[in-house]
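The values are calculated or read from the model by the stated rules, or taken from the named source; none is laboratory data. As the structure is a computational prediction, the values presented were derived from the model and not from experiment. Methodologically, a virtual Cβ is constructed for each residue, glycine included, from the backbone with ideal geometry; neighbour enumeration extends over all protein chains shown.
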Amino acid sequence: MTKFVDFADSPFGPLCLHMAKAKECVAVVIPMFECLLAGNWTELEERAQQVFRLEHEADKIKNEIREQMPRAFSLPLFRGDLLAYLKLQDDIADTAEDIAVVLTLKQLPLPAELVDDLRAYVAKVVEVCEILFNCADQLADLKESDFIGERGRSIMQLVEKAEHAEWESDKQEYALSKRMFALTDEQMHPTDIYLWSKIMMELGKLANHADKTAERLRRMIAR
């Protein structure tokens, strides 16, 4: 069986490998929405299948990390903290998959007056994730001195930025939901409203998981 992870250099190396797969999943989110808004259902299905494949690959890496993670490290970290961090970043890949599932349940229209707000909301959610990914990119070769050094401070600043972006995404979700529920049945079918509500909730979960992953990282660095 192919092995993906190696804890020889750093406990964060394998976690970064897993995060790279979560990042690939999130990278497909905006293209999926653009396919939906353009009515390109065939490409949307292809994009969704891409997310399903990437999430499965992330799961294989996650399982291997859980099986191989050592009990002790050269850094001041606890195995339980790293496994909790792994679970949170895995939630990102899982939620991207959940979004792909709901987007492909039916050919789902969206009233033109909501399109710009939806695009802005999706972009903000992805922004939260990208800030987290910028944090994670600095982890692979993290040394003990970095915990209180410039790199540690840089990660902390990115965590604060992720928290603020997640708060902004919450406000956008609320405003978009209010506009959607103000539409009449003639403007938007109740079944479509239900599905769009589910989609927006999953987007909210995606931003929230990214924020929680960043917060867990802050707690590990700040020990």
Where the second residue is surrounded by fewer than 17 Cβ atoms within 10 Å (Cβ to Cβ) and of a type in the set (D, E, K, R) and the first is farther than 15 Å from L206 by Cα and lies in the stretch 114-126, which pairs have Cβ atoms under 8 Å and are six or more apart or on separate chains? L114/R179; D117/R179
Filtering the stretch 105-130 for residues that are of a type outside the set (A, V, I, L, M) and closer than 30 Å to Q89 by Cβ leaves a count of 7
What residue, among those in the stretch 173-199 that are hydrophobic (A, V, I, L, M, F, W, C) and assigned to a helix (DSSP H, G or I), is nearest to the chain's Cα centre (by Cα)? I199
Restricting to the stretch 99-119, name every residue that is farther than 11 Å from F33 by Cβ and either touching a Ser or Thr at 6+ places or on another chain (Cβ under 6 Å) or assigned to a helix (DSSP H, G or I) (or both). V101, V102, A112, E113, L114, D116, D117
Scan the stretch 66-80 and give yes if some residue there is part of a helix (DSSP H, G or I), aliphatic (A, V, I, L, M) and either out of contact with any Phe, Trp or Tyr (no Cβ under 8 Å at 6 or more places or on another chain) or in contact (Cβ under 8 Å) with a residue 40 or more places away in the chain (or both), otherwise no. no
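Regarding D91, is this residue closer than 23 Å to K212 by Cα and modelled with pLDDT of 95 or more? I'd like the intermediate steps shown before the answer.
Working: closer than 23 Å to K212 by Cα: yes; modelled with pLDDT of 95 or more: yes.
Yes; evaluated as a whole, the condition is true for this residue.
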